[in-house]
Every structure is written in C-alpha cells, then in structure tokens.
C-alpha cells in the first residue's frame, strides 16, 4: 500500500466512521435517518428500512476494512471498492434529488438539518475520486516509511474531518441576508 492509499484510507475511515456513528448512536438517530431516506423519494416505501440498515452496515464494513488495510492489503482494496460503490450510489441519489427538486434533509452524518443539494453531489463525487485513488494506490505492496505514513494518516484524517463538517464550512462563506427592517410603530 502506498502513501496515497494510506491518506485515502484515513480520510474515508473518518468519513465513514462519522457517518455510521451519526446513524447508529441511538435508536432515535437511526429512525431519523430512515425517515430521511423516506423523504428522499428514491425508493419504494417497503424498501426504505432495509436500505437504511444496509447503508449503515455498509458504512461500518467500509470503516473496518479500511482500518484493517495496513495489516491486509486485500481488505483495504475491498474497503475502497465498497466505499466507491456506496459513494457512487450516494452521488447518483443526491444528483437525482437535485434534478427533481426534492428538498429532503441530509442525515449523512446524523444530525444535519440542511437539505440535500449540489454541495452534497460535489462532496460525494470528490469522495468517490478519493476511493478510486485508494484503489489505485493499494494495488502495490510498497511499504510506507513510518514518518510518511504518520503524515498521510494525519492529513487524511484532517481532510475527512473537514468533509464531515463541509455544510458548516460552506455556511461560513455564504453571503448573509440583510436583516429585515422593523415595521414602523405609531
């Protein structure tokens, strides 16, 4: 596994770990996630609960496979491929919602209240590219020097943490609307 794969694994482990934790931290959190899948209007009603369980389980699987990647390169490669597949599905779903004008709340990381939009499509697309980079970087068995590995892990983790807070970061740079003037009182 080369340094690119280490950084990609670290980034995606943080992202998928935060996503799984946000959904699985309580029954209420999981119920809110399942309800958000319903409002996305992408699946027949009977499939929503099973899909929500599958998504959360897949996120945990990606996390575990990526964490195992330094010990077993094939596990990392499977983790990257599973991550890429999930992210492609998430990207397609978010894009379809944008095109159809569906304003469902994003529960990607559990607590967000903002509706899915172009930012989510972009974020998931970039994460898909990171997963693809991980697949390419995990094709070899080159050892990474410990110091470089530590930098790659730290850098990937920082990028992953920033991705999980992307909506908040984007809100910092959105122009604020001017305050409405108070109506005149007699």
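The values are calculated or read from the model by the stated rules, or taken from the named source; none is laboratory data. From a predicted model like this one, the values you see are computed outputs, not experimental measurements. Quick reminder, even Gly has a Cβ in these numbers, built from the backbone with ideal geometry, and neighbours come from all protein chains shown.
With respect to the stated conditions, residue 36 fails to be in a helix (DSSP H, G or I) and more than 25 Å from residue 101 (Cα to Cα). Of all the listed residues (140, 85), the sole one being modelled with pLDDT of 95 or more, in contact with a helix residue (DSSP H, G or I) (Cβ under 9 Å, 6 or more places away or on another chain) and either over 18 Å from residue 16 (Cβ atoms) or loosely packed, with under 15 Cβ neighbours inside 10 Å (or both) is 85. Of note, residue 29 does not satisfy the criterion of being modelled with pLDDT of 85 or more, under 16 Å from residue 8 (Cβ atoms) and either under 17 Å from the mean Cα position of the chain (by Cα) or buried (at least 16 other Cβ atoms within 10 Å of the Cβ) (or both). Only residues in region 128-139 that are closer than 16 Å to residue 92 by Cα count as the first member; pair them with residues that are surrounded by fewer than 17 Cβ atoms within 10 Å (Cβ to Cβ), Cβ under 8 angstrom, at least 6 apart or cross-chain, and list the lot. Pairs that qualify, where the first residue is closer than 16 Å to residue 92 by Cα and the partner is surrounded by fewer than 17 Cβ atoms within 10 Å (Cβ to Cβ), are 128/88.
With respect to the stated conditions, residue 98 is more than 21 Å from residue 10 (Cα to Cα) and out of contact with any strand residue (DSSP E or B) (no Cβ under 8 Å at 6 or more places or on another chain).
Is at least one residue of region 3-20 over 21 Å from residue 133 (Cα atoms) and in a helix (DSSP H, G or I)? The answer is yes, given that some residue of region 3-20 is over 21 Å from residue 133 (Cα atoms) and in a helix (DSSP H, G or I).
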